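Down below is the structure, laid out as structure tokens.
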Amino acid sequence: MIYGCEHVTRRYGANTVLRDLTLSFAPGGCYCLMAPSGAGKTTLFRLLAGLERPDAGQLVGFDRARCAMVFQEDRLCMHLSPVTNAAMVQPGRADRAALAAALGEILPPACLRQPVRELSGGMKRRVAIARAVLAPSDVLLLDEPFTGLDGDSRARTAEWVSRRRAGRLLIFTTHRADEAALLGAEILPLPAPGVKD
């Protein structure tokens, strides 16, 4: 299945955030969208995930795909543990032992049963990433996934994502070229706000 967007425009009132944008993504590829703040990266992700609709143009493939997403905010259930947060997106009865083992690869095992609200910001971010990656999906959309992670945690988490994405299409955003390199991503620049493709 080919994925992409064709001549997509998205406006909010008089503000055009995306203008006539065309991109294509190969199945199983890894892509990094890089652009200045305000260039529409998060808006594009919301379109790809089906949370919004374009004002013009069309999306290809994403309407038939299961998308898992990491938002810029962690959006975790703060009173639940990392394992329970991950279990919430599993179909049927979750294998909690397998989830705990997977989470334990990027989190201290002692924190896996604590309420998420008791974890550091970096730990919460890793839970959000793990929940998305462990969810059944065809496409992974990660919006600035490594925000708040130090160098060692960033590298370890990126390696974990690469190993566990299992051939799924991965699209993520960042302002940092070194993060794109960690995931071996092809960089796709977006035009700056107000600039026509």
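With respect to SER137, determine if the residue is buried (at least 18 other Cβ atoms within 10 Å of the Cβ), under 19 Å from GLY29 (Cβ atoms) and at pLDDT 95 or above. Write out each step before concluding.
Details: buried (at least 18 other Cβ atoms within 10 Å of the Cβ): yes; under 19 Å from GLY29 (Cβ atoms): yes; at pLDDT 95 or above: yes.
Answer is yes for this residue.
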Looking only at helices (runs of 4 or more DSSP H) that lie completely in segment 21-114, which have at least 2 residues being free of Cβ contacts under 8 Å to residues at least 24 places away in the same chain and within 17 Å of HIS7 (Cα to Cα)?
none
Being under 13 Å from MET69 (Cα atoms) and hydrophobic (A, V, I, L, M, F, W, C) is the filter here; which residues of segment 118-147 pass it?
VAL127, ALA128, ILE129, ALA130, ALA132, VAL133, LEU134, ALA135, VAL139, LEU140, LEU141, LEU142
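Looking only at segment 113-134, filter to residues that are under 22 Å from the mean Cα position of the chain (by Cα) and either farther than 18 Å from ALA158 by Cβ or among the β-branched types (Val, Ile, Thr) (or both); which one of those is most open to solvent (accessible area, probe 1.4 Å)?
Applying the first criterion (under 22 Å from the mean Cα position of the chain (by Cα)) to segment 113-134 yields 116-117, 119-134.
Remaining after also requiring either farther than 18 Å from ALA158 by Cβ or among the β-branched types (Val, Ile, Thr) (or both): 116-117, 119-120, 127, 129, 133.
Details: VAL116: 0, ARG117: 140, LEU119: 12, SER120: 57, VAL127: 1, ILE129: 0, VAL133: 5 Å².
Among those that are under 22 Å from the mean Cα position of the chain (by Cα) and either farther than 18 Å from ALA158 by Cβ or among the β-branched types (Val, Ile, Thr) (or both), it is ARG117.
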Just wondering, is there one or more residues in segment 59-67 that are in contact with a helix residue (DSSP H, G or I) (Cβ under 9 Å, 6 or more places away or on another chain), charged (D, E, K, R) and open to solvent by 40 Å² or more (accessible area, probe 1.4 Å)?
no
Mind listing whichever residues of segment 166-184 are at pLDDT below 95 and of a type outside the set (Asp, Glu)?
ALA166, GLY167, THR173, THR174, HIS175, ARG176, ALA177, ALA180, ALA181, LEU182, LEU183, GLY184
Conditions first: (1) touching a residue at least 40 places away in the same chain (Cβ under 8 Å); (2) among the hydrophobic types (A, V, I, L, M, F, W, C); (3) open to solvent by 10 Å² or more (accessible area, probe 1.4 Å). LEU169 passes all but one, so which condition is the exception?
(3)
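Okay, residues lined up against (1) assigned to a helix (DSSP H, G or I); (2) under 23 Å from ALA100 (Cβ atoms); (3) of a type in the set (Ser, Thr, Tyr):
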{"position": "PRO136", "(1), (2), (3)": "no, yes, no"}
{"position": "THR157", "(1), (2), (3)": "yes, yes, yes"}
{"position": "ALA166", "(1), (2), (3)": "no, yes, no"}
{"position": "LEU170", "(1), (2), (3)": "no, no, no"}
{"position": "ALA180", "(1), (2), (3)": "yes, no, no"}
{"position": "GLY184", "(1), (2), (3)": "no, no, no"}
Restrict the check to segment 26-49 and report whether at least one residue is farther than 30 Å from ILE106 by Cα, open to solvent by 50 Å² or more (accessible area, probe 1.4 Å) and either at pLDDT 95 or above or aromatic (Phe, Trp, Tyr) (or both).
no
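The values are calculated or read from the model by the stated rules, or taken from the named source; none is laboratory data. Owing to the predicted nature of the structure, the values given are computational and were not obtained by experimental measurement. Every residue, glycine among them, receives a Cβ derived from its backbone with ideal geometry; neighbour counts consider all protein chains shown. Calculation scope for accessible area: heavy atoms of the full protein, side chains included, ligands and nucleic acids excluded. Shrake-Rupley method; radii C 1.70, N 1.55, O 1.52, S 1.80 Å.
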